[in-house]
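Right, one structure below, let's go through it.
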Amino acid sequence: MPRYALTDIHGCARTFKAMVHNQLQLSRNDELYLLGDFVNKGPDSRGVVDFILHLQKQGYQVHCLRGNHDQMLLKSVEKGKKALTLTPTEQELVLQSFGINGFEHLPEKYVNFLDTLPYYLELPDYFLVHAGFDFRQPDIFSDKEAMLNIRGYTPDWKRLGNKRLLHGHTPTSLHAIKKAASHKDQRLNLDAGCVYYKNAAYGNLAALDMDTQELFIQPNIDRPYPVARKG
């Protein structure tokens, strides 16, 4: 059965649902891998997590990883808004989404979801991670900060058993993602900058069929909402 991967939904719940239902037409026999950053920046962080939990409850095989924004929101439960690198407007979108007036009031259901997210997954033919690995470290799988935040690294394929690497974290033009997928690059960044709909190069959710290398593209349909222009 098909295996799909996508990443960096960032509170774009309507777009995410359209991808799952209309583009992928996900069945319970399929596997869906989500590479983190479910929350923050977009208009409906709660809706994204609720939809994931609904799919899992209905018997869909949905596997989730931790992203840097998921980690930030989790930290904000104890440390407040200072844990979040968000504009005041973006912070308000998150609070409104969850129906709370302070990050310390994030409902336990969502705290538990965020707290149990793994940092990476190893499959027979792939490594999946939100950002990547720091190959300068003796143990690349223990560096949680790198797995959430690293950019600009060069993979050591021997240390990955020559498996392919899928990640997100760094918004990338749809053209570049399509080119990398068509060339069957060993490393593929699937972050098509869905939340940044004001940037012409971004504003899409991209999902990869991990076996056929087919890309599925869902343009952002959550707009309009206040979001900073990227870059």
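The values are calculated or read from the model by the stated rules, or taken from the named source; none is laboratory data. All values derive from a computational prediction rather than experimental measurement. We place every Cβ from the backbone using ideal geometry, glycine too, and count neighbours over all the protein chains shown. Please note that ligands, DNA and RNA were not included when accessible areas were found on the heavy atoms of the full protein model with its side chains. Shrake-Rupley method; radii C 1.70, N 1.55, O 1.52, S 1.80 Å.
Here are the numbers for this structure:
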read-out: Yes/no for GLY11 being surrounded by 23 or more Cβ atoms within 10 Å (Cβ to Cβ), in contact with a helix residue (DSSP H, G or I) (Cβ under 9 Å, 6 or more places away or on another chain), farther than 23 Å from ASP125 by Cβ and in contact (Cβ under 8 Å) with a residue 40 or more places away in the chain; value: yes
read-out: The lone exception for ARG151 - which of (1) assigned to a loop (DSSP other than H, G, I, E, B); (2) open to solvent by less than 40 Å² (accessible area, probe 1.4 Å); (3) not acidic (Asp, Glu) it fails; value: (2)
read-out: Residues (surrounded by fewer than 22 Cβ atoms within 10 Å (Cβ to Cβ), touching a residue at least 12 places away in the same chain (Cβ under 8 Å) and not basic (Lys, Arg)) located in segment 191-201; value: ASN199, ALA201
read-out: Long-range neighbours under 8 Å by Cβ, at least six apart or interchain, first residue without any contact (Cβ under 8 Å) to a residue 60 or more places away in the chain and part of a strand (DSSP E or B) within segment 155-182, second of a type in the set (Asp, Glu) and surrounded by fewer than 17 Cβ atoms within 10 Å (Cβ to Cβ); value: ARG164/ASP125
read-out: One residue from LEU128, LEU117, LEU188, LEU121 being surrounded by 14 or more Cβ atoms within 10 Å (Cβ to Cβ) and part of a loop (DSSP other than H, G, I, E, B); value: LEU117
read-out: Residue check, PHE133 assigned to a strand (DSSP E or B) and either among the aromatic types (Phe, Trp, Tyr) or open to solvent by less than 60 Å² (accessible area, probe 1.4 Å) (or both); value: no
read-out: Matching residues, segment 180-194, being small (Gly, Ala, Ser) and more than 11 Å from ASP8 (Cα to Cα); value: ALA180, ALA181, SER182
read-out: Cross-chain or 6+ apart pairs with Cβ under 9 Å, segment 72-92 first and on the phi > 0 side of the Ramachandran plot, then open to solvent by 30 Å² or more (accessible area, probe 1.4 Å); value: GLY80/GLU104
read-out: Looking only at segment 83-114, and only at residues there that are open to solvent by 70 Å² or more (accessible area, probe 1.4 Å) and of a type outside the set (S, T, N, Q), the one that is nearest to ARG229 (Cα to Cα); value: PRO88
read-out: Filter result for TYR225 (hydroxyl-bearing (Ser, Thr, Tyr), under 17 Å from the mean Cα position of the chain (by Cα) and in a loop (DSSP other than H, G, I, E, B)); value: no
read-out: Enumeration of residues in segment 114-126 that are more than 15 Å from the chain's Cα centre (by Cα) and either closer than 15 Å to ASN189 by Cα or of a type in the set (A, V, I, L, M, F, W, C) (or both); value: LEU123, TYR126
read-out: Tally, over segment 40-69, of residues that are in a loop (DSSP other than H, G, I, E, B) and buried (at least 21 other Cβ atoms within 10 Å of the Cβ); value: 8
